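Accompanying notes for the structure given below.
Coordinate-derived values only; no laboratory data. From a predicted model like this one, the values you see are computed outputs, not experimental measurements. Quick reminder, even Gly has a Cβ in these numbers, built from the backbone with ideal geometry, and neighbours come from all protein chains shown.
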Amino acid sequence: MNVKRYAFFLLALMACLAHTTGAWAQKKPRAVTYSTLYDEPSVIHKLFVKIQPIYGELFATNTTAGYGLEVEYYMKNQMHFMANARTSYASVTEGVGNAAANQNNAQSDPGQFVYAEFGATYHISDSEKEAETRMILFRSSYKKGNKWAAKVPDKIRIPAKVRKIIGARLGGIYYNTGVDMNRTLKSQDGLKLYPEGLTSGDLFVDQNSTVYGGMRSMGGYVGASMSYIRNIAIKPDKTYGNLMDDRMIEVFADLLFMPYNKFDELLYQNVRIDTSPVKTTTIGYRAGINGKFNRTFTWSYGGEIGYRPGIAERGFYAVIKVGFPVFGTSLKDEVEAFGR
């Protein structure tokens with residue numbers, strides 16, 4: 001085959017492929033009919049109890065991993081409340097705790113990381129509007145073998161109401177954490193700490209010391225949030241199974257104020273050390289997201305990032321939480337019924 005014939009053959013092949021691809025691209029998807037079972041984003045569970053078997057927190061003062069519990073309660077369309085608490089699994093899952101267990105020249109115990117929070121969100125605006133949602137079509141036959149793994153799922157867009165809540169947040173925060181004193185003093189321009197009542201001498205704690213202590217902080221937060229809630233279920237034609245979109249997503253931003261920052265007693269070589277020169281902060285901030293589903297038994301997720309008040313220059317943090325199982329209830333002993 002000479003060059004001209006080869007070129008002609010190649011061009012013809014490319015033209016055929018382009019035509020075939022265009023035909024496929026222009027092929028209209030099969031129409032899917034469905035009936036709406038319900039579309040009520042205002043009808044959701046009132047109480048959610050989230051078991052959080054794992055969280056991970058990158059905190060400049062003390063990085064930790066552990067478990068927690070969170071509870072949420074929705075009071076009609078007016079307010080919703082939240083309370084959560086978490087702690088590390090053990091000292092080995094704390095940056096400070098693990099280091100202190102191996103080498104701590106102080107007689108003080110840094111203690112275990114504990115975090116607790118309680119708050120309320122007032123619904124400044126709580127409304128529904130017509131919108132659209134996307135669902136993935138699923139057939140029961142996909143469960144056989146590896147069909148689902150090898151399948152490019154079909155998707156449909158359908159009209160669906162969305163509930164939008166604009167809220168004002170207010171609450172309280174408490175946490176107890178271990179502190180790496182030499183890193184703290186290094187971050188504060190090489191500050192030295194002396195025994196109580198002294199400002200000089202041969203006995204002191206500085207950035208070269210291996211000393212770990214504990215501190216606790218208490219305060220609150222004020223901020224704003226925006227929530228998006230969908231609660232729709234449809235029944236497609238016989239080819240596909242029932243589909244649902246019941247996502248509940250909240251994004252928030254808060255100003256943190258924690259005026260109470262106190263170190264636990266710090267004993268170094270059996271002498272009480274004055275920790276008052278350590279600089280602390282009272283103002284911080286955060287932004288985050290929480291997500292769950294309007295079901296009796298489900299899972300949830302959450303994350304936030306910001307600057308937590310406490311030790312100056314050691315406040316940056318980022319945390320990720322996973323909740324499973326999550327129990328939802330309407331606090332009513334009744335069965336929902338839908339007409340055909």
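In order along the range 82-95, phi translates into HN-Hα couplings of 9, 9, 8, 9, 8, 8, 6, 4, 6, 4, 6, 9, 10, x Hz, rounded to whole numbers, per the Karplus curve 6.51 cos²θ - 1.76 cosθ + 1.60 with θ = phi - 60° and x for Gly and Pro.
Charging the Cβ of each Asp and Glu at -1 and of each Lys and Arg at +1, and nothing else, the dipole of the range 26-123 about its Cα centre rounds to 700 debye. Computed from backbone phi with θ = phi - 60° and the Karplus coefficients 6.51, -1.76 and 1.60, the 3J(HN,Hα) list for the range 246-257 is 10, 6, 10, 10, 10, 10, 8, 9, 10, 9, 9, 9 Hz; x is used for glycine and proline. Site pair residue 116 and residue 102 shows an inter-label distance of 3.2 nm when each label is modelled 7 Å from Cα along Cα→Cβ. Each peptide in 62-70, 269-277 gets a packing score, the mean of other Cβ atoms within 10 Å over its residues, and the list from highest to lowest is 62-70, 269-277. Here the dipole of the range 172-315 is about 600 debye; that uses its Cα centre as origin and unit charges on the Cβ of Lys and Arg (positive) and Asp and Glu (negative).
Of the listed peptides 35-42, 124-131, what is their order by residue-averaged count of other C-beta atoms within 10 Å, with the highest listed first?
Order by mean packing, descending: 35-42, 124-131.
Which pairs break 23 Å Cα to Cα here: 46/292; 186/262; 76/235; 50/332? With Cα atoms farther than 23 Å apart: 76/235. Length available on full extension from residue 125 to residue 262: 0.36 nm per residue minus the Cα-Cα distance, which gives 45.4 nm. Here the extension length gained between residue 37 and residue 76 equals 11.8 nm, from 0.36 nm per residue of separation less the Cα-Cα distance.
Per-residue 3J(HN,Hα) values for the range 210-219, derived from phi via the Karplus relation 6.51 cos²θ - 1.76 cosθ + 1.60 with θ = phi - 60°, read 10, 10, 10, x, x, 8, 9, 9, 8, x Hz in sequence order (x marks Gly and Pro).
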